[in-house]
1. Could you please find all residues in the range 248-275 being in contact with a Phe, Trp or Tyr (Cβ under 7 Å, 6 or more places away or on another chain), in a loop (DSSP other than H, G, I, E, B) and either among the aromatic types (Phe, Trp, Tyr) or touching a residue at least 24 places away in the same chain (Cβ under 8 Å) (or both)?
2. Taking Arg25, is it modelled with pLDDT of 85 or more and more than 21 Å from Gly177 (Cβ to Cβ)?
3. Scan Met271, Met257 and give me the residue that is in contact with a Leu (Cβ under 9 Å, 6 or more places away or on another chain), aliphatic (A, V, I, L, M), outside the structural domain of Arg184 (by TED's automatic domain parsing) and on the phi > 0 side of the Ramachandran plot.
4. Taking the residues in the range 171-205 that are closer than 16 Å to Thr149 by Cα and basic (Lys, Arg) as candidates, determine which candidate is surrounded by the most Cβ atoms within 10 Å (Cβ to Cβ).
5. Could you list all residues from the range 195-210 that are over 14 Å from Asp295 (Cα atoms) and either at pLDDT below 85 or of a type outside the set (Gly, Ala, Ser) (or both)?
6. Identify, from the list Gly98, Gly68, Gly62, Gly92, the residue that is at pLDDT below 75, on the phi > 0 side of the Ramachandran plot and of a type outside the set (S, T, N, Q).
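The values are calculated or read from the model by the stated rules, or taken from the named source; none is laboratory data. As the structure is a computational prediction, the values presented were derived from the model and not from experiment. Cβ placement follows ideal geometry from the backbone for every residue including glycine, while neighbour counts extend to all protein chains displayed.
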Amino acid sequence: PRAKITLSKEARSELQVQRREKNDRFKKDLNTAWQQIDDATKTIALSNHKSVDRVQRELYLGLNSFRGRRSKPSAWNAFCWKKKREQAAHDGGNLGKGALLSLVQESREEYHGLSDEERTNLLNEYMDHRGMKTFGLRATAKLKVNDVTQTLKAVENELIGLQCRTGAETILYTTRGSTDLPLRGVAFATEGVENFMGTVMRVDNQDLVSKMEGFAVQGMKGAANNHQQRVSQVRGSIREIINLKLQEITGDPNAKMQWAHYFRNVIARYMAIIRNWPERIPFTNLSTVSSALPDLEMLLRMWESGAIFWELLSEEQYATLRRERNEKLNSGELVEHTRRARSDKGTKRSRPTKSTGPSRRAFKSSETVNTDDEEEGEGEHNNPPAMPSTSSAPTAGPTPAIHSNT
């Protein structure tokens, strides 16, 4: 057994100082390497007119290619390559997926019978062929989406495990940063804060992810507004094509979709119904439901391609739908949309008897009032009014009194 060495206090202190120095040098070298990579990334982006994000993605993909490729081929791989070429030349290149497996099973004994010299020659021939080939890494949109999905799934599992071990709660939002990636926004929260954003902050997760996507894609200047404008345009296009398809199938140029009273004003009136609506998108007015832009674009494409369509109903189909709807209404599963009642319904409303402010009613009167006319009107209110004089000559003054001598 190895003898146990007990270090003195001075030796332990010296050893600890050496470890700290090595650790500092290691961190310094890492920081220098990261700085060099950052400078090289910016240089490549400027010289090739690419974005920094694009260069970083390519660097990460290149790292995966170094991890996945084997730098040293084997004699067995060279033998399989040789047999596959011979079989392809014999069959005219028509090889299926199981061709390599059958070649391996049939030629295994032949490979074990090869000498060392023959294996070396096969390996050299394969190396010459491999040197003339160019290898590239292709990352399709589907592969990128799968990469994001699998990574997020692993992260969510780790966060759930962290919450179980320590009680830490987490909210995670993920969205695409460019239009090249057809990715739907993802919102994740652990059990303790699952309803925090909706109940406390009054923020819809899908709406937040949509705005974050617009900010990431469009940039800082007017990003959210531009994204909302795009969402509004797509919603308007969906409404327009829904109404147009309904008018075409019914022959009524005034037919319109009505979300609030869909059964009464659309199904019962036009005997038509929408088919193949996606389950993940609520069947309601698109202005009242928060939908991500990729979902709305998918909905528009499905209407344009005919995947979603209007279908005319027969009398039997309509009777079946009506019976099912009545059963849901009776059971309370479906609530019929009604107009909201007034807040003061059932209370008696009366007009105030006294006005607290100036009256709005205006009365008109003449500018001057003749007092003689008022007195005559008081004494002779029962007599009809006198007819105006027919004489057109105006009087120069008051009429003189006439005295008679009797």
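1. Met271
2. On the way: modelled with pLDDT of 85 or more: yes; more than 21 Å from Gly177 (Cβ to Cβ): yes.
Criteria met by Arg25.
3. Met271
4. The selected residue is Arg176.
5. Quick first cut of the range 195-210, residues over 14 Å from Asp295 (Cα atoms) only: 195-205, 208.
Within the range 195-210, Asn195, Phe196, Met197, Thr199, Val200, Met201, Arg202, Val203, Asp204, Asn205, Leu208 qualify.
6. On the way: Gly98 fails: on the phi > 0 side of the Ramachandran plot; Gly68 fails: on the phi > 0 side of the Ramachandran plot; Gly62 fails: on the phi > 0 side of the Ramachandran plot.
Within the list Gly98, Gly68, Gly62, Gly92, the selection yields Gly92.
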